Amino acid sequence: MCGIFGYIGKKEAKNILIEGLESLEYRGYDSAGVAIVEDDEIKITKRAGKVEELKKVLLKNENSGTLGIAHTRWATHGLPTENNAHPHFDSKKNVVLVHNGIIENYLELKNEFKIKTASQVDTEIIAELLSIMPEDDNLEKLKHVSKLLKGSYAIAIIFKNEPDAIYLAKKESPLMIGQDNDDIFISSDANAFKKYCKSFYILNNGDFAKITYNNIEFFNKNKKIYKKLNKFINTFSFQSNNKYIMLDEIFQTPDALRETANYFSNFKDIKSYFNNIDKIYLIGCGTAYHSCLYGKHYLNFLKVPIFTEIASEFRYGDYKITKNTLCIFISQSGETADTLACVKKCKCKTLAITNVPNSSITFACKKTILMKAGWERAVASTKAYSCQLLIFYLLRCLLLDKQPHISSLINAVKKYLATLNMETLSKNLLNYEKVMFIGRQGDFVTAKESALKLKEISYLNCIACPSGELKHGTLAIVDNKTLVFMIATQKKLMSKNLLTKDEIEARGGKCLIASCFEGYDIKLPHTQSNFLPIISILPFQLLACNVSILKGYNPDKPRNLSKSVTVE
Ligand code: F6R
C-alpha cells in the first residue's frame, strides 16, 4: 500500500526512479511523484493517475539530478489528486518527503502545533513538524518527530539544508536499502532494486538511516547501529506471455506449485512444532483467509480444535491462547497490517506461511514456511493462493507420514489449464446483473474465493453463499437477471445440489454447475479430492480476468485494492 523508491548515486535519478515506481505499482497507483535534487535545488514533479502519467512529463523534463525520492500512492486520506500526491513539502519548503503508512494522530498534531496543511493527506504533518523542530541536526529532528507520531510509517526525506542526503525512518511499514558500488537504492520492496544489487539492508521498527553519496549509516533512538546484509533468496522468475500479468500468473500455477513443493523439503522439521499443541488458529485476510478455510479441511484429521479467523477481527477479539496454542498466519506479501498485528498479539507458537522472504510477518513469527510462487505482481492473488493450498496439502502429508503426489497434481493442473477456455462463458456473464457463487463444504470456499476474484477486478455485484443456505433468505435476490455458478465436486452431495439448481431456476435464475462428474456446464478434472481445491478455482480465476478485460478494465490494477495492505 503505497510504494517508496529512492536513489542516490552516479546516474541520472529520474529514469531509475520511474523504473522503481513501475515495479512498485502493485502497491498503489492512483497518483505518483518524484523529488529530485538538481544543483542543490529540490524539484518536485507529481501527477494524478498511474505512474505512466508521471513518466510522460518527467522524462521530457531536463533534470540531471542524481539523488531523488519517489512515491506511488494508494489513497487513504484525501482524494487521489495531484495536490495529495507525494512528495510533500512543508509550507516553508525546508523539507520534502514521501511516506507509506498512516499517521493516526495527525489531526491532534495539527491542533497541538497549530499547523495548516495544503493537502488532505496525513503525511504533510510530518514535513511541517520536521520543519519547525528546534534541533540543528536533521537526524535529531527526525528522532524528535518520530516520538510524536502514532501509527505506521516508512518515510524518505530530503532536507533543503542538506541536499546530498536522504534520511529514512521506519515503523511497521517496510523499507529496505540496496547498494551496488556507487549506487544506493531505497525501496518498500527489495524486489524493485533486485536487478542492481546482490544483497540489501532491512530497516526494523525504530530504525533511522542517513544515506549520502556512497555511504549508509544506521541509527536507533540512542545510538549508531550496524546492520547485517541480507542476501536475496532466489525467487522463481517467469516468462511473460500475455498482455496482462494476472493471466501470466494464472498460467504460471503449475511451475509455482512445483517450485513450492520442491522448496518445502527445507521445512520438514516443522513437524515437531505440531507436538503438544492444544488448538490451532489459522489467520489471514481476503484470499489468504480463504486459504485458511481450506487449511482447516486439510488439517481436520488432527485431534485438536482448529479455528479460522479473519485477521482484522482476530486482532480485537478475546481468545484463549495458551503457550501450547499454534497460530498459523497466511500472507502472500508477509506485510499485511492486520495479520501482522495478530502475530504481535499471539504469545504462543507462531508459524508464518508467506511468499516473501524477509517480510515483516516472517520476522515476527517464530517459524516460517516460505512458498516459492515467484513474485506475484497482479493485485488479485492467483498462483499464490494455489501455493498456499499446496502448503496445507504438504503439511497434511508430512503430519500423516504420507508421500505427497506432486507430479500427479502438477500434471493435472497443467493439463487442465491447457484445455480451459472460459471466453464464451465470460461474454455470457455480461448479460446478467447479479452473479452468485455457491457450493457445499470445501466447494463453498472456492465459491467465496471466486466471488472475491470477480468482484475485485470486474466490480460486478456478486456474492458467495453456501448452497444449502440459499433457501434461508438469499433466494429472494435470485431472478432472471441472476447467474449462479455452483461448484460441485462431491458425488454424495450431487442430488442435493440438483435440488438447489431447481430452486434457483424456479425463480428465473440461471445456474451453471462446475463439476468433475460428466454432463455439467464447466468441466473440472476427475482427480483425487486433495487436489480439487487447487484445481477448482482455476476456471473462476480465468473467468474473473476475462470479464475484467471484456469490461474494459485492467485486471492487474483494480480500483480500491492494493497488493500489500500495510495499513489498517
Ligand atoms: C485478493 C487479494 C487480497 C489479499 C489480502 C491479504 O485477490 O489479493 O484479498 O489476499 O489483502 O494479502 P496477503 O496475502 O499479502 O496478506
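Values in this text are rule-based calculations from the coordinates and carry no lab data. These numbers come from a predicted model, not from an experiment. Please note: Cβ atoms are built from the backbone with ideal geometry, for glycine as well, and neighbour counts cover all protein chains shown.
Summary table
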item: Count - residues of region 516-565 that are basic (K, R), more than 14 Å from the ligand (Cβ to nearest atom) and in a loop (DSSP other than H, G, I, E, B); result: 1
item: Odd one out for E309, checked against (1) within 23 Å of T322 (Cα to Cα); (2) in contact with a helix residue (DSSP H, G or I) (Cβ under 6 Å, 6 or more places away or on another chain); (3) within 14 Å of the ligand (Cβ to nearest atom); result: (2)
item: Pairs with Cβ under 7 Å, 6+ apart, first in region 508-520 and exposed (fewer than 15 other Cβ atoms within 10 Å of the Cβ), second outside any strand (DSSP E or B) and among the aliphatic types (A, V, I, L, M); result: F517/M494
item: In region 354-368, the residues that are of a type outside the set (A, V, I, L, M, F, W, C) and away from the ligand (no atom under 13 Å from the Cβ); result: P357, N358, K366, K367, T368
item: Where a residue in region 351-368 is in contact (Cβ under 8 Å) with a residue 12 or more places away in the chain and its partner, wherever it lies, is within 13 Å of the ligand (Cβ to nearest atom) and acidic (D, E), with Cβ under 6 Å and at least six apart; result: S359/E335; S360/E335
item: Some residue of region 338-353 being in a loop (DSSP other than H, G, I, E, B), of a type in the set (D, E), touching a helix residue (DSSP H, G or I) at 6+ places or on another chain (Cβ under 6 Å) and within 15 Å of the ligand (Cβ to nearest atom); result: no
item: Any hit, region 467-481, residues being away from the ligand (no atom under 16 Å from the Cβ), aliphatic (A, V, I, L, M) and in contact with a Phe, Trp or Tyr (Cβ under 9 Å, 6 or more places away or on another chain); result: no
item: Tally of residues being surrounded by fewer than 23 Cβ atoms within 10 Å (Cβ to Cβ) and within 14 Å of the ligand (Cβ to nearest atom) across region 371-390; result: 2
item: Subset of region 263-287 (residues that are surrounded by 12 or more Cβ atoms within 10 Å (Cβ to Cβ) and small (G, A, S)); result: G284, G286
item: Filtered residues of region 444-460 (kept if assigned to a helix (DSSP H, G or I) and farther than 12 Å from H290 by Cβ); result: L454, K455, E456, I457, S458
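Listed here are the residues, each with its yes/no results for (1) at positive phi; (2) surrounded by 14 or more Cβ atoms within 10 Å (Cβ to Cβ); (3) touching a strand residue (DSSP E or B) at 6+ places or on another chain (Cβ under 8 Å).
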| residue | (1), (2), (3) |
| --- | --- |
| S408 | no, no, no |
| E433 | no, no, yes |
| I438 | no, yes, yes |
| D443 | no, yes, yes |
